[in-house]
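What follows is a single structure, written as structure tokens, with notes after it.
None of the figures in this text is laboratory data; all of them are computed from the coordinates on show. Since we're looking at a predicted model, the values are computed, not measured. Cβ: placed from backbone, ideal geometry, glycine included. Neighbour counts: every protein chain shown.
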Amino acid sequence: MFDYDARPVTPQVVLVGRRASSLGYELRDFLSRNGVPYDWVEIDDADRVRQLFDGDDIDPDRLPICVLPDGRRLAGATVQQVANGLGMIAAPLLPEYDITIVGAGPAGLAAAVYAASEGLRTVAIEAVAPGGQAGTTSMIENYLGFPQGISGSELATRATAQARRFGAELLLARPLVDLLREDDGYVARLSDGTEVRTRSVLAASGVDWRRLDVAGLDELLGAGVYYGAGPSEAVSCRGCRVAVVGGGNSAGQAVVRFSRYASRVTLLVRGSTLGASMSQYLVSKVSELDNVEVRTGTEVVGLEADTRLRAVVLSSRDEAGLTRLPLESLFVCIGGVPRTRGLATANLATDDAGFILTGADVTASRGALDKWPLARAPLPLETNCPGFFAAGDVRSGSIKRCSAAIGEGSMAVALVHRRLAELGAE
Amino acid sequence: MMEEAGNGGPTEDAVAEFAGLASDEHIDESASALERNGITSLVVDSGEQARDAVRSILPIGAEVFNNTSRTLEAIGVAEDIERSGLYQPLRPRLYQMDREMQAREMRQLAVAPDFVVGSAHAVTEEGSVLVASASGSQLGPLVSGAGHVILVIGGQKIVADVGTGLRRIYEYCFPLEDQRARESYGVPSGVNNILIINRAITPRRISAILVKQSLGF
């Protein structure tokens, strides 16, 4: 083995639990996406458990147990507790910021880099991990400047380091609870009570996966059913049968990743062709993989499970009746619903699907400017609240591509400068 | 690190010859010789001082790869790099990358860090540095890939000449490293690649911290 394959020499986080559990999945996903190496130990692995806990009794009802590098044990561990235990929770360093960015995906990180590099006091709030949805993609092959492609996690890692190097702060692992107007600026409050005062806001919170409406699915989350295709589960799918639901680039990238590990990957697409919503390079790649089957015009209508998922029941437009597909894991990568939790308190105008209106769309939306206090119209990425901008997937009308989000995040910073000048700060 | 038979550790003769700490005079002579060969050298009394010296060389925020090394573990340098938050440590980042999808990124990251911090298996009184590696992955960055190289070397690793250094690797280091590899990875080690640095031509690229204390093997 190469030296760089060896585990870090310092103590690692150890998680003990049942792999088929949503809490365990949530922790694995959180650690993996934040670049924290961990060991997963199944509770049934008696030798490892005995060795780890030195014979101490453990409560099987309080899983997963997280053993921190300093030896502390967290029974029934939550993401927030683990983040705290790892020292990932930091308080804001400044009493006020020029720009607060909600979300650290491509749009948010681009804004953080540009804002901080231009001397703005910059903080980004991220509930889970830097990188957003793009951070979980296995390989982005059409991103400018990377002819061999770059993985989403690597792009996020580099962007995060770049933002920090310019002085941007990142407040991780705490979701935004509310965001209220205060004087000419705003106050953002996080789930742990942390308050951030700011003169402008950029909503770059992206999208969540759209829920798949199939009876019993929620009970199987983490037990064979997963939203998104984060890197934490790929290795555990070695030799397994996997299905991915979705027709977009995220689904395509998930298929490419799982094809390296799983014995069989089935891509389930509701539409009649792949090319409708997936980039052509991914369509070609998926089509060339020997262990991948693409089923178009197909929907999941039922699940079979015991303690975990065992099979899905499919309905196809081209076939009469239902078919049964035995598998170990189902990854749902469909569409996206706007992540506006915590932003709603700002009374932002949105479209019918909940995406945030900006610029001319605000002006054209009946009643959206009723409380607009300025003589000028909203700037291109500005919402119906002065100094409150939106960029990337959460913005109504945005192009749902990584590079487009990065462009919007960068552009938003120029507009923030105009707003700050208006306030007399520049 | 040529495959040898599984072993019970180095022979008594090898331990007697290679485990003992060199005299202050020999360590100082080796440091001077290293300087003459273009390797910045520093002699310190203890592991703690070596740890401070590494901290003083590494810039805050630097991208750093720490080679697997008993020496670095023993004196806390590995922990400083991986967990202090002062640097961008590559090893934890590499460990959690996807071996199937990110193999190319891993190779590129590992081969050319801004800083590599490691150790050596022998330093000669003539100012040569010897490092052995089973896979060879440690050696590329030391030769030219890394922007800067910091080597922390215990005082028991000073030898008279390159020939003795090679014997130290085969007769003393290898049996110990083989035991470690079998315990840690479940595979034997091997003296498959040996790097001998006789001279560094880029000024200040390589720093050697010689410690008047036995560290690692």
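The table that follows gives values for the structure above.
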item	result
Ellipticity estimate at 222 nm from DSSP helix runs (n ≥ 4, -39,500 (n - 2.57)) divided over chain A, nearest 500	-7000 deg cm²/dmol
DSSP bridge orientation in region A:3-85 - percent antiparallel, rounded to nearest 5	50
Under the Karplus curve 6.51 cos²θ - 1.76 cosθ + 1.60, θ = phi - 60°, whole-Hz ³J(HN,Hα) for region A:60-73, x wherever Gly or Pro sits	x, 8, 10, 10, x, 9, 10, 9, 6, x, 8, x, 4, 10
Distance (nanometres) between label positions extended 7 Å along Cα→Cβ at A:Asn347 and A:Arg210	3.1
Antiparallel bridges, percent of DSSP beta bridges restricted to region B:12-211 (to nearest 5)	25
Debye, to nearest 20: dipole size of region A:218-332, +1 on Lys, Arg Cβ, -1 on Asp, Glu Cβ	260
FRET efficiency, 1/(1 + (r/R0)^6) with R0 22 Å, evaluated for B:Ser46 and B:Glu171 via beta carbons	0.20
Estimated FRET transfer efficiency (A:Ser263, B:Leu86; beta-carbon r; R0 25 Å; 0.05)	0.05
Vicinal HN-Hα couplings computed from phi for region A:232-238 (Karplus, 6.51 cos²θ - 1.76 cosθ + 1.60; Hz; Gly/Pro x)	5, 9, 4, 4, 6, 8, 4
DSSP beta bridge pairing in the protein assembly as shown, given as percent antiparallel to the nearest 5	40
Distance (nanometres) between label positions extended 7 Å along Cα→Cβ at A:Ala360 and A:Ala404	1.6
Gain in span if fully extended, A:Ala421 to A:Gln148, counting 0.36 nm per residue against the direct Cα distance	94.1 nm
Farthest toward positive dipole pole in region A:3-85 [+1 Lys/Arg, -1 Asp/Glu at C-beta], among A:Phe30, A:Ala77, A:Gln12	A:Phe30
Using a Förster distance of 41 Å, the FRET efficiency for B:Glu29-B:Asn192 (Cβ separation, nearest 0.05)	0.85
Within the protein assembly as shown: Cβ-based charge dipole about Cα centre, in debye rounded to nearest 20 (Lys, Arg +1; Asp, Glu -1)	1820
Cα centroid separation, region A:306-385 to region B:145-167 (Å)	60
30 Å Cα-Cα reach of B:Lys157 towards lysines, excluding residues that sit fewer than 8 places from it in its own chain	B:Lys212
Cβ-placed point charges (K, R +1; D, E -1), dipole of region A:43-183 about Cα centre in debye, nearest 20	380
Over chain A: Kirkwood hydrodynamic radius from C-alpha pairwise inverse distances, Å	22.9
On Cα atoms only, tilt of A:249-259 relative to the major axis of chain A in degrees	30
Distance between region A:143-207 and region B:80-129 - C-alpha centres, whole angstrom	29
Long-range HN-HN contacts of B:His148 with modeled amide H, under 5 Å	B:Phe115, B:Val116
Contour excess over end-to-end distance, with Cα ends at A:Glu42 and A:Ala276 and 0.36 nm allotted per residue	80.1 nm
Computed label-point distance, nm, for sites A:Ala91 and B:Glu100 using a 7 Å Cα→Cβ extension	4.6
